[in-house]
1. Of all residues in the stretch 15-59, which are hydroxyl-bearing (Ser, Thr, Tyr) and more than 12 Å from the chain's Cα centre (by Cα)?
2. Identify the residue in the stretch 66-77 that is of a type outside the set (Ser, Thr, Tyr) and surrounded by 14 or more Cβ atoms within 10 Å (Cβ to Cβ) and, among all such residues, is farthest from Ala176 (Cα to Cα).
3. Only one of Asn98, Asn80 is buried (at least 21 other Cβ atoms within 10 Å of the Cβ) and not aromatic (Phe, Trp, Tyr). Can you tell me which?
4. Does the stretch 150-168 include one or more residues that are modelled with pLDDT of 95 or more and more than 30 Å from Met30 (Cα to Cα)?
5. Pairs only if they're at least six apart or on different chains, beta carbon under 9 angstrom, first in the stretch 99-112 and farther than 17 Å from Met30 by Cα, second among the charged types (D, E, K, R) and not in a strand (DSSP E or B); list them, first residue then second.
6. Taking the residues in the stretch 168-207 that are outside any helix (DSSP H, G or I) and surrounded by 18 or more Cβ atoms within 10 Å (Cβ to Cβ) as candidates, determine which candidate is farthest from the chain's Cα centre (by Cα).
7. Looking at the stretch 42-65, which of the residues that are modelled with pLDDT of 95 or more and of a type in the set (S, T, N, Q) is nearest to Val182 (Cα to Cα)?
Amino acid sequence: MYRPPAFAVDDVDTLHVFIREQPFATLAAMIDGAVQFAYAPVVIAPDGTNGVARFHLAAGNPLARLADGTAVRLSFLGANAYVSPDWYETPTRVPTWNYLAVEGQGAVRRLDRNELQTLLIDLSAAEETKLLPKKPWTIDKVPAERLAALLNAIAGFSVRLETLDGKFKLSQNTTAADIAGVVCGLDARGDAASRAVAEAMRDTKTA
């Protein structure tokens, strides 16, 4: 990831919080000399320096064939929004895009059947917690035969992250007046992504 110093985020706890809030990852790995992509929700845990990420894929996905030790990259894209030059106080600025993203890489390890079931339990628990006060859904509601069939249809992986890099591009390289103008413009735009970027800019300014 290209990370100018003004936008770089390296605090592991901050990056783990981001991943828990934005758990749906783009995965990339080399298969037969070509880059292949897949998409999956990830469970992140603080294990080692950068943590361990776990995910699962449909058995028919080309990346589901990855062997132990294969390098994989994970990309998590958060809120992002166009920034109009009209929102700046400085008259010579040009259009840009503000966004939050995290990337990690490491070697995969295939999960055994018990580990795969544990991953599904952990993943659903993490997401069901976000739906409280709804009573959480649990895997014991799935009949045993149905669960066995589901486990046969997917492959699970664990990745001990060798690197974990964040880039929160939130106009940190501009003036306070320009930042205030962008926040105001994004708030006025009103869509969820623009409001999320504006909130991240406010949080970064006061951090």
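The values are calculated or read from the model by the stated rules, or taken from the named source; none is laboratory data. Nothing here was measured: the structure is a model prediction, and the numbers come from that model. All Cβ positions, even for glycine, are placed from backbone atoms using ideal geometry, and neighbour counts span all protein chains on display.
1. At the first step, the residues of the stretch 15-59 found to be hydroxyl-bearing (Ser, Thr, Tyr) are 26, 39, 49.
Answer for the stretch 15-59, where residues must be hydroxyl-bearing (Ser, Thr, Tyr) and more than 12 Å from the chain's Cα centre (by Cα): just Thr49.
2. Result: Leu66.
3. Details: Asn80 fails: buried (at least 21 other Cβ atoms within 10 Å of the Cβ).
Within the list Asn98, Asn80, the selection yields Asn98.
4. Restricting attention to the stretch 150-168, the residues satisfying the condition of being modelled with pLDDT of 95 or more are 150-168.
Those still in the list that are more than 30 Å from Met30 (Cα to Cα) too: none.
Within the stretch 150-168, none of the residues are modelled with pLDDT of 95 or more and more than 30 Å from Met30 (Cα to Cα).
5. Final answer for the pair search is none.
6. Just the residues of the stretch 168-207 that are outside any helix (DSSP H, G or I), to begin with: 168-175, 190-191, 207.
Imposing the further condition that a residue be surrounded by 18 or more Cβ atoms within 10 Å (Cβ to Cβ) reduces the set to 168-171, 174.
Numbers: Phe168: 13, Lys169: 15, Leu170: 17, Ser171: 21, Thr174: 26 Å.
Among those residues, the one meeting the criterion is Thr174.
7. Asn50
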